[in-house]
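As structure tokens, the structure follows; a few thoughts come after it.
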């Protein structure tokens, strides 16, 4: 986006401005240095990913860049358009994975998540990565630079639209399957399994518990092998007044279960999937929080996500993507 906007005027430095603006919403990672895990879960992708933050930070970047590059022929309004668009694209795209984004903070704590693309999908990221590498190497006045920045932005945008089409197809199939298998539910979600957009993780249920399973776009059978996980709210009575529990429930958007592992009470946020769940349907959930040992909850969102992956697991993953 930096190259598209000001590459001809300020050269390759334009991409540095783009990278800086694209990264600024993630400054909230600094909160992890002093916040506990439950507070940090809500701080991340909170205010710094809101429309208000975008509105406030854009003129500061624009004024800095406009003064830095004088003399130039770029009006302040154009600088603001560039930085506003770049920051907005960041917070917009973040809403397409399953973590959730606080677009309306601090006026509303509602998190927006479309669950259409995995948080780290190489098929989305590779195109701007290739374009960036080529643009770094090309002469700043090379005519081909326009082709490359258009490719980097265009192919990623096309892939995102492709993911939305996949999402619509999966949701349609899942609704039909839930009805056919006579599974009652008050809420459900679908979200891609790791690193791709063809195998999807499905959760549906009520306040009593949830059914979890996987559905590939290439599945021919109109059924899902669901596993049922009771919510087990009664286990929370000893810690019902704990502040971190209330924040975890809010963060989970009600998609949670509780388990007892030996003497440890565990809170599972189902939205982040299971560790190799397509292979072992009763596997642990990637997000599991030790309620009685809060100090042991580092990297809780993706705890052990790839710990059990090896070549054999990878082959079963590819086989499951290909469909049943």
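Just so it is clear, none of the values below were taken in a lab; they were calculated from the coordinates. If you're wondering where the values come from, they're calculated on a predicted model, not measured in any experiment. Here Cβ is always computed from backbone atoms with ideal geometry, including for glycine, and neighbour counts include all displayed protein chains.
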Decide, for the stretch 2-162, between rounded, prolate and oblate: order the square roots of the alpha carbon gyration tensor eigenvalues as a ≥ b ≥ c, take rounded if a/c falls under 1.5, and otherwise choose prolate if a/b is larger than b/c, else oblate.
oblate
Cβ-derived FRET efficiency at R0 30 Å, residue 250 paired with residue 85, nearest 0.05
0.45
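Using a 10 Å cut-off around each Cβ, can you sort 241, 219, 176, 233 from fewest to most neighbouring Cβ atoms?
Numbers: 241 8, 219 20, 176 11, 233 15.
Ranking 241, 219, 176, 233 by Cβ neighbours within 10 Å, fewest first, gives 241, 176, 233, 219.
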In what sequence do 259, 243 fall when counting other Cβ within 10 Å, fewest first?
243, 259
Which distance in Å, rounded to a whole number, links the C-alpha centroids of the stretch 16-70 and the stretch 214-292?
31 Å
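Work out how much length residue 306 to residue 114 would gain on full extension: take 0.36 nm times their residue separation and subtract the Cα-Cα distance, in nm to one decimal.
66.8 nm
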Using just the alpha carbons, could you tell me how many Å³ per residue the convex hull of the chain encloses?
152 Å³
Rounded to the nearest 0.05, what FRET efficiency do residue 138 and residue 52 give with R0 = 41 Å and r taken as the Cβ-Cβ distance? Could you check?
0.60
quick shape note, the stretch 190-324: Cα extents on principal axes in Å, largest first -> 47, 30, 24
Below 8 Å, C-alpha to C-alpha, sequence gap of six or more: please give me the relative contact order for the stretch 110-197 in percent.
51 percent
Residue 13 label point, 7 Å along Cα→Cβ, cut-off 17 Å on backbone N: hits in the stretch 37-77?
61-76
Taking the mean number of other Cβ atoms within 10 Å as a proxy for protection, how do you rank 42-54, 184-196 from highest to lowest?
42-54, 184-196
Choose one answer from 98, 73, 40: the residue with the largest mean-square fluctuation in a GNM of the chain with alpha-carbon springs under 10 Å.
73
When a footprinting reagent is the concern and you count Cβ atoms within 10 Å, what order do 214, 107 take, fewest first?
107, 214
